[in-house]
Amino acid sequence: METFIGKPVKRREDNRFLKGAGKYTDDIKLHGMTHSAFVRSPYAHAKIVSVDTSAAEKAEGVVAVYTGSDACGTIGVPCGWQVDFKNGETMREPMHPLLAKDKIRHLGEAVAFVIAETLELARDAAELVDVKYEALPAVTCPKKAMASGAPKVHDEWEDNAAFDWCIGNDRAEVEAALANAHHVTEMTYKNHRLAPNAIEPRSYIADYDVNADKWTLYTSTQNPHLVRLLLCAFALGIPEHKVRVVSYDVGGGFGSKIYHYTEEALLTWASKEIGRPIKWTSDRTEAFLTDAHGRDHIVHSKMGFDKDGKIVAHLTDEFCAMGAYLSTFAPAVPTYLHGTLFQGVYTTPLIHLNVVAPFTHTVPVDAYRGAGRPEATYLLERIISKAAKEMDMDPAELRFKNFISPFNGTTEPGYQTQVALQYDSGNYEGVLKRGLEMLGYEDFRKEQAEARKNGKLLGVGISTYIEGCGIAPSAVVGSLGARAGLYEVGHVRVQPTGKVSVFTGAHSHGQGHETVFAQFVADKLGIPMDDIDIVHGDTDQVAFGMGTYGSRSLAVGGSAIIKSIEKVLEKGAKIAAHKLEAAEEDLEYAEGKWTVKGTDKSISFGDVSLTAYVPHDYPEGVEPGLDFSSFYDPTNFTYPFGTHIAVVEVCSDTGKVEIKRFVACDDVGNVMNPMIVDGQIHGGVVQGIGQALLEEVVYDGEGQMVTGSYMDYAMPRADDIPMIETDRTTTPCPHNPLGVKGAGEAGAIGSTPAVVNAVVDALSHLGVTDIQMPVTPKRVWKAMQS
Amino acid sequence: MQISVTINGKTYAHDVEPRISLAQYLRETLNLTGTHIGCDTSGCGSCTVHVDGASAKACTLLAVQVDGCEIKTIEGMANGSEMHPIQEAFKENHGLQCGFCTPGMVMTAADILKNNPNPSEEEIRHGLEGNFCRCTGYHNIVKSIQHAAEKMNA
């Protein structure tokens with residue numbers, strides 16, 4: 001019988017996407033639907049002196065105009081995570097209003113909302129809204145935001161800190177170890193701000209049905225149920241059972257579509273006010289101005305080594321921007337998704353990280369592909385390579401010296417870090433060995449030496465990362481400040497004909513759940529993939545769910561489905577035993593049928609399914625039907641890891657960096673579909689390369705964004721990138737039934753430091769020890785000249 | 001303004017506002033929502049269509065500019081249920097993930113292969129310069145186009 005786990009099964013989603021028949025939110029049209037546009041602030045920080053909507057209200061086709069003075073001005077969207085100050089003071093949590101009323105706190109903040117019969121008429125009328133501002137000085141840098149006298153984002157508190165936080169060993173102990181270290185490597189840099197840039201802009205349609213007294217929100221989200229919960233329970237206070245959130249196809253997210261945005265709540269509110277559906281789709285500049293950004297940490301770090309190159313201590317201080325308001329997951333990103341990875345793959349005995357998280361006059365910062373973990377990995381992998389250079393050691397050798405030894409997490413215990421987590425299983429030297437072999441490291445070093453003689457600047461950069469995925473054990477994250485559980489729901493409905501509908505709370509925005517989930521369901525039930533349908537993205541169909549982010553879909557969502565499959569087979573066995581007139585314990589299930597062991601007596605999955613729904617000849621005390629739902633709450637995070645190696649050539653005349661080769665050896669645990677895992681790695685790697693070489697959101701001194709379009713924000717294009725050479729090792733996750741760890745973020749976590757290490761390596765003989773990202777030709781050229 | 005346009009072999013006559021882009025016209029008037037809008041500056045290429053046989057960004061063309069032209073969109077690529085070899089190659093090589101940039105990528109790929117039936121990897125990457133994909137890292141899109149070229153030349 002054909003099995004599917006581990007095979008590169010082609011995606012069933014592709015047929016509709018390739019024909020242009022995908023159903024993204026902006027593709028939906030509803031009867032009587034209105035369109036909308038926002039009036040957004042041209043200032044980063046300003047007093048709103050007056051808002052005159054009279055001309056807009058009289059304009060052609062206008063249905064309604066709302067401002068912060070209307071009822072919606074008193075409504076805000078919530079933050080989903082609470083990180084209190086070290087001294088016990090509660091996290092400062094400002095109201096995040098749907099429309100600004102008195103004060104503007106970031107460029108692009110919405111001041112008025114215009115609804116009209118067409119998009120063009122809404123945009124015309126928005127231009128007629130007359131807003132008078134009094135501009136105020138702004139602060140966009142998280143470090144400057146904490147300087148005395150910095151412009152305040154929220155007047156109610158004495159400074160801009162939202163919270164501060166630390167993790168690890170006692171600071172004094174770490175400082176003492178550094179003071180006694182044989183060698184200390186130090187780094188100060190910015191892990192700069194990025195725009196996630198899903199190619200589908202955010203899009204929403206809210207539809208209030210007055211007769212049913214029900215709302216439907218169509219939204220481009222990564223987690224429909226979470227949006228519904230935040231919308232109903234915290235933003236609008238409307239009954240959850242009367243709200244349906246639907247998300248069909250979603251055109252990429254990378255974190256930016258996790259959050260409950262103000263526009264979702266405002267459209268939902270206004271739809272009831274006007275009694276008609278309302279659509280809003282962001283344009284690209286609005287996306288740059290209003291989608292939550294990623295990164296933006298100012299970092300100062302010291303790592304100490306003994307005379308043999310063993311790490312003895314690591315101390316880091318960071319300023320991490322929150323933006324003007326606290327987005328849904330924002331406080332978790334520079335803390336529990338970041339500091340908990342400071343062990344890396346090394347045996348560092350003493351670690352301390354201190355984080356100050358200020359408000360800034362910018363759009364909120366939240367999770368972007370990797371979320372806190374790329375920032376941790378960048379620091380660890382840059383500082384260890386810098387240290388190797390300073391100590392005149394090979395960067396691979398220094399890593400081998402410091403690796404945590406291999407452990408499988410079953411017969412050998414997990415690894416307890418200095419920063420709260422316990423790693424599940426790992427073989428860090430294994431992936432580095434394989435990565436070096438794929439590259440031909442020793443030969444490359446010879447080639448590099450030859451090239452240098454000829455004036456050619458070649459460099460190699462290594463990164464050996466670990467990440468925490470499969471988010472997350474609810475009790476653990478609850479104790480860390482999460483205001484939600486992070487389990488997942490999997491529902492298996494066996495139809496009378498033996499066909500199977502699977503409902504999952506995970507929600508694909510490109511990951512291929514409809515294919516991958518059907519692969520393992522088919523194998524576990526021993527039925528064809530064609531007999532299985534995967535349903536996601538609709539709160540009226542799927543019981544509940546927490547969505548897709550943090551590389552959790554298979555590890556958490558897949559495990560919930562497995563639990564339901566086990567329940568189906570357990571009940572099926574009772575029905576089969578009755579029909580076969582055998583004891584349950586004498587049956588075995590394989591290839592889609594229950595067989596009495598040692599005989600040829602069997603009954604198929606289909607016949608048992610039909611019997612469950614036509615229970616004429618049926619076991620006593622067993623309910624009809626074959627339909628189970630399960631919640632799966634993981635016992636730990638999962639910890640994928642890997643080695644990424646970049647080879648670059650730097651043009652000595654222009655400073656332009658060309659990536660000649662990129663090698664990725666990742667360990668994501670067991671693999672359901674290698675084609676899809678490779679695709680996830682490719683995409684993540686290129687996003688990481690984008691951060692290293694090209695991308696940066698730049699605000700000027702007044703808080704104006706100078707990178708607000710694709711003319712100014714440099715995204716990786718096809719000719720910036722080489723083919724990505726991939727391979728894997730397999731260290732199964734010991735604590736979930738599929739043994740999977742997650743692959744969505746690995747690429748973006750491992751690749752960035754590999755590229756920057758390679759550039760620095762290429763220039764090291766010129767005395768270059770560090771270059772600020774993004775490593776543009778201008779920065780490289782300057783470094784070469786200095 | 002009155003325009004007459006042939007789209008995927010069928011001729012339409014419409015009175016359109018002069019400021020409406022070709023992309024909006026396709027999506028809103030004709031319900032051809034396979035042409036996606038990812039930006040409005042020709043930056044992302046999600047809206048790529050063919051105008052009189054050459055690829056063009058529909059977000060920065062006005063509908064009135066294509067009066068009298070022949071347009072092909074992603075909806076016109078397959079022959080009924082039979083996908084175009086380029087579409088098949090994208091599926092075969094996992095050349096798409098979220099699918100949003102995909103229609104533009106397929107239309108651009110068709111243009112690359114029309115002008116150069118045997119492109120090198122470098123030529124393919126150069127030809128894809130006007131199209132963003134944030135999911136695939138371009139790796140499998142390049143492979144898809146290489147594979148499509150082989151199939152179409154066979």
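The values are calculated or read from the model by the stated rules, or taken from the named source; none is laboratory data. Keep in mind that what you see is a predicted model, and the values were worked out from it rather than measured. A quick note on method: Cβ atoms are made from the backbone with ideal geometry, for glycine too, and the neighbour counts reach across all protein chains shown. Protein only, heavy atoms only, side chains kept; ligands, DNA and RNA dropped before computing areas. Shrake-Rupley method; radii C 1.70, N 1.55, O 1.52, S 1.80 Å.
Considering A:Leu107, A:Leu98, the condition of being buried (at least 23 other Cβ atoms within 10 Å of the Cβ), closer than 30 Å to A:Gly510 by Cα and either modelled with pLDDT of 95 or more or touching a helix residue (DSSP H, G or I) at 6+ places or on another chain (Cβ under 9 Å) (or both) is satisfied by A:Leu98 alone.
The rows are residues; the columns are (1) more than 22 Å from the chain's Cα centre (by Cα); (2) under 30 Å from A:Ala145 (Cβ atoms); (3) assigned by TED's automatic domain parsing to the domain that holds A:Glu109.
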{"site": "A:Val685", "(1), (2), (3)": "no, no, no"}
{"site": "A:Ile689", "(1), (2), (3)": "no, yes, no"}
{"site": "A:Ala692", "(1), (2), (3)": "no, yes, no"}
{"site": "A:Glu702", "(1), (2), (3)": "yes, yes, no"}
{"site": "A:Met711", "(1), (2), (3)": "yes, yes, no"}
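Being part of a strand (DSSP E or B), of a type in the set (A, V, I, L, M, F, W, C), in contact with a strand residue (DSSP E or B) (Cβ under 6 Å, 6 or more places away or on another chain) and closer than 18 Å to A:Ala292 by Cα, is that true of even one residue in region A:39-47? Taking every residue of region A:39-47 in turn, none turns out to be part of a strand (DSSP E or B), of a type in the set (A, V, I, L, M, F, W, C), in contact with a strand residue (DSSP E or B) (Cβ under 6 Å, 6 or more places away or on another chain) and closer than 18 Å to A:Ala292 by Cα. Just one of (1) within 30 Å of A:Lys101 (Cα to Cα); (2) open to solvent by less than 50 Å² (accessible area, probe 1.4 Å); (3) within 14 Å of another protein chain (Cβ to nearest Cβ); (4) not small (Gly, Ala, Ser) fails for A:Glu60. It is (2). Of all residues in region A:610-634, those satisfying the criterion of being open to solvent by less than 90 Å² (accessible area, probe 1.4 Å) and closer than 21 Å to A:Ala560 by Cα are A:Gly625, A:Leu626, A:Asp627, A:Phe628, A:Ser629, A:Ser630, A:Tyr632, A:Asp633, A:Pro634.
Every condition in (1) closer than 30 Å to A:Gly168 by Cα; (2) in contact with a Cys (Cβ under 8 Å, 6 or more places away or on another chain) holds for A:Val250 except the one numbered (1).
Residues in region A:511-541 that are within 14 Å of chain B (Cβ to nearest Cβ), open to solvent by less than 10 Å² (accessible area, probe 1.4 Å) and not in a helix (DSSP H, G or I): A:Gly512, A:Gly537.
Suppose we filter A:Gly690, A:Gly684, A:Gly642 for residues that are assigned to a helix (DSSP H, G or I) and closer than 25 Å to A:Glu429 by Cβ; which single one remains?
Being assigned to a helix (DSSP H, G or I) and closer than 25 Å to A:Glu429 by Cβ holds for just one of A:Gly690, A:Gly684, A:Gly642, which is A:Gly684.
Among the criteria (1) in contact with a helix residue (DSSP H, G or I) (Cβ under 6 Å, 6 or more places away or on another chain); (2) without any contact (Cβ under 8 Å) to a residue 60 or more places away in the chain, the one A:Glu588 does not fulfil is (1).
Among the candidates A:Arg717, A:Arg728, the residue that is under 23 Å from the mean Cα position of the chain (by Cα) and free of Cβ contacts under 8 Å to residues at least 24 places away in the same chain is uniquely A:Arg717.
The strands (runs of 3 or more DSSP E) found entirely in region B:1-82 that carry 2 or more residues being within 12 Å of chain A (Cβ to nearest Cβ) and open to solvent by less than 60 Å² (accessible area, probe 1.4 Å) are B:48-51.
Looking across region A:257-286, the residues that are assigned to a loop (DSSP other than H, G, I, E, B) and farther than 25 Å from B:Gln24 by Cα come down to A:Ile258, A:Tyr259, A:His260, A:Tyr261, A:Gly275.
Scan region A:1-14 for residues that are within 29 Å of B:Gln24 (Cα to Cα) and either more than 10 Å from chain B (Cβ to nearest Cβ) or open to solvent by less than 60 Å² (accessible area, probe 1.4 Å) (or both) and jot them down.
Matches in region A:1-14: A:Glu13, A:Asp14.
Could you tell me whether region A:743-751 includes any residue that is open to solvent by less than 50 Å² (accessible area, probe 1.4 Å), under 30 Å from A:Gly490 (Cα atoms) and charged (D, E, K, R)? Yes: one or more hits.
So which residues in region B:123-132 are more than 7 Å from every other protein chain (Cβ to nearest Cβ) and without any contact (Cβ under 8 Å) to a residue 60 or more places away in the chain? If the condition is that a residue be more than 7 Å from every other protein chain (Cβ to nearest Cβ) and without any contact (Cβ under 8 Å) to a residue 60 or more places away in the chain, then B:Glu123, B:Ile124, B:Gly127 are the ones that fit.
For B:Ala154, the conditions (1) under 30 Å from B:Leu26 (Cα atoms); (2) small (Gly, Ala, Ser); (3) more than 13 Å from every other protein chain (Cβ to nearest Cβ) are fulfilled apart from (1). Across region A:131-144, a minimum of one residue is classified as touching a Phe, Trp or Tyr at 6+ places or on another chain (Cβ under 6 Å), β-branched (Val, Ile, Thr) and more than 14 Å from every other protein chain (Cβ to nearest Cβ). Being more than 14 Å from chain B (Cβ to nearest Cβ), closer than 30 Å to A:Ser271 by Cβ and open to solvent by less than 20 Å² (accessible area, probe 1.4 Å) is a condition met by at least one residue of region A:233-241. Annotation note: Cβ proximity below 9 Å between a residue of region B:139-154 that is more than 27 Å from A:Val663 (Cα to Cα) and among the basic types (Lys, Arg) and a residue that is modelled with pLDDT of 95 or more and open to solvent by less than 20 Å² (accessible area, probe 1.4 Å) (sequence gap 6+ or interchain) occurs for B:Lys151/B:Ile86; B:Lys151/B:Ala89. For region A:711-726, a residue qualifies if it is assigned to a strand (DSSP E or B) and at the interface with chain B (Cβ under 7 Å from one of its Cβ atoms), and exactly one does: A:Ile724. Among the residues of region A:526-534, are any modelled with pLDDT of 95 or more, out of contact with any Pro (no Cβ under 6 Å at 6 or more places or on another chain) and closer than 21 Å to A:Pro634 by Cβ? Within region A:526-534, one or more residues are modelled with pLDDT of 95 or more, out of contact with any Pro (no Cβ under 6 Å at 6 or more places or on another chain) and closer than 21 Å to A:Pro634 by Cβ.
Yes/no per residue for (1) closer than 22 Å to A:Glu696 by Cβ; (2) open to solvent by 40 Å² or more (accessible area, probe 1.4 Å); (3) within 14 Å of another protein chain (Cβ to nearest Cβ):
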residue	(1), (2), (3)
A:His260	no, no, no
A:Glu264	no, no, no
A:Ile274	no, no, no
A:Leu289	yes, no, yes
A:His293	yes, no, no
A:Asp296	yes, no, no
A:Lys302	no, yes, no
A:Asp308	no, yes, no
A:Val312	no, no, no
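Matching residues to (1) among the hydroxyl-bearing types (Ser, Thr, Tyr); (2) closer than 30 Å to A:Asp424 by Cβ; (3) part of a strand (DSSP E or B):
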| site | (1), (2), (3) |
| --- | --- |
| A:Ile561 | no, yes, no |
| A:Leu569 | no, yes, no |
| A:Ala582 | no, no, no |
| A:Thr611 | yes, no, no |
| A:Tyr618 | yes, no, no |
| A:Phe631 | no, yes, yes |
| A:Pro634 | no, yes, no |
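Within region A:703-714, residues that are under 15 Å from B:Phe132 (Cβ atoms) reach partners that are among the polar types (S, T, N, Q) with beta carbons closer than 6 Å, at six or more positions or on different chains, in the pairs A:Ser709/A:Thr285; A:Ser709/B:Thr41; A:Tyr710/B:Thr41; A:Met711/B:Thr41; A:Tyr713/A:Thr707.
When region A:660-681 is filtered for residues that are assigned to a strand (DSSP E or B) and surrounded by fewer than 24 Cβ atoms within 10 Å (Cβ to Cβ), the ones remaining, listed by number, are A:Lys660, A:Arg661. For region A:688-710, filtering for residues that are open to solvent by 10 Å² or more (accessible area, probe 1.4 Å) and within 10 Å of chain B (Cβ to nearest Cβ) leaves 2.
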